[in-house]
Amino acid sequence: MHIINQLGLTLLRVFLGYTFFIHGLVKFQGGIENTVGFFESLGLPGFFAYAVALIELVGGALMILGLGTRVAALLFALIMVGAISTAKLGLGFLGDGQMAGYELDLALLVISIYLALHKTTYLALGNLFFRTKEA
């Protein structure tokens, strides 16, 4: 793959990983109980909050490093589908003035799907462990 495409994929991978890592970190730092309460207010089991926060934190770190990118991207996509359908869709694309809409969630979903469909990117540690022709 052309080096410019690889650099673009790498930027998307690092951005997505960092975004999810920070969101997972904040869920734990802010008190996971708050996130559990929010999930329960949406009618979801509270333990989903732990699963989502852990996927965001660990998956984000792995994605930044370029390890398990496709798996993490798929999990992120599932999280975004859940977030849009349960918490954001009713707010509209831009939100209601009080809360943000689903525009960022949709962007993260699209980036996640894109990375799930592509092989390991340039500057990924996965390239050291799993040799690919495109990396």
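Note down the net charge around Leu89, summing +1 for each Lys or Arg and -1 for each Asp or Glu among other residues with Cβ under 15 Å from its Cβ. Mind showing how you got there, number by number?
Working: positive: Lys88; negative: Asp96, Glu103, Asp105.
Computed value for this residue: -2.
Would you look at the GNM of the chain, springs on alpha carbons closer than 10 Å, and say which of Thr120, Thr69, Thr35 moves the most?
The residue that fluctuates most here is Thr35.
Projecting each Cα onto the charge dipole of the chain (Lys/Arg +1, Asp/Glu -1 at the beta carbon, about the Cα centre), which of Ala83, Leu16, Val71 comes out farthest on the positive side?
Result: Val71.
Identify which of Leu75, Leu89, Leu12 has the largest mean-square fluctuation in a Gaussian network model of the chain, with springs joining Cα atoms closer than 10 Å.
Evaluated over the chain, the most mobile residue of the options is Leu89.
Taking the chain as a Gaussian network, where each spring joins two C-alpha atoms under 10 Å apart, which residue of Leu125, Leu109, Leu42 fluctuates the most?
Highest fluctuation of the listed residues: Leu42.
Since every read-out is calculated from the coordinates, none of them should be taken as a lab result. Only a predicted model underlies this, so the values are computations on that prediction, with no experimental measurement involved. Cβ: placed from backbone, ideal geometry, glycine included. Neighbour counts: every protein chain shown.
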